[in-house]
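J.: Got a structure here, written out as structure tokens. Questions coming.
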Amino acid sequence: MLMLVSCSFNAQDELVVALWFKWLIAIVIVLVILIVMSAIFSGNEVSEYLKNNNLSILDFKKCGTYIGGHPALDVTVEGISIRKSETKIEIYRFPSISEIPVLIADIPINSISGINVEDSSSMEKRITLGRVLLVGIFALAWRKKKKNELAFVTIEWKEKFENSTIFSFEGQEAMQKANTARNELIKMCR
């Protein structure tokens, strides 16, 4: 029990710090230094990658979470950023500036027919119709999950087939973030 005490008083009533506590402080300081050095190295690695590929951090615009609707992607992907190349809107997994962006899909600009913002209620109506087709009359009893504020950006485009690529934004100001992403996408398509 006494080993757990980090400070005590000696015979001269002076405060004495336990040796294990000094070691603990030293270990914490070393860990903090390693974390900071790792972040600096990682940031340099990203900067070098962007520089070597003639990219700028300013070229990337946040676009929430990829939900679905792109034929090249089968899974939900968080931390999406978009970037315009000469003829395409490129979709990157780029969750933070300390990670190297990874191109995961693209959409030809000339194939885009619409870019829309929807809130959760309009999206829920769409999903409810799908639910009805899936389980019939039982869809009415199927309970829906309640979430924070949700907003969606949908890119309507057609190559061989019609596609609706959907990105979601969740939390406070989700609708504002979705509207900002839509406006950025429209600027890229001009």
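J.: Which of the residue pairs LYS61/LYS160; LYS51/LYS84; LYS51/LYS88 have a Cα-Cα distance greater than 24 Å in the structure shown?
T.: From the list (LYS61/LYS160; LYS51/LYS84; LYS51/LYS88), the Cα-Cα distance tops 24 Å for LYS61/LYS160.
J.: Along the stretch 179-190, what does the Karplus equation 6.51 cos²θ - 1.76 cosθ + 1.60 (θ = phi - 60°) give for ³J(HN,Hα), rounded to whole Hz, x for Gly and Pro?
T.: After applying 6.51 cos²θ - 1.76 cosθ + 1.60, I find 5, 4, 5, 4, 4, 4, 4, 5, 4, 5, 7, 6 Hz.
Every number here is computed from the coordinates shown, using simple stated rules; none is lab data. This is a predicted model, so every value here is computed, not measured.
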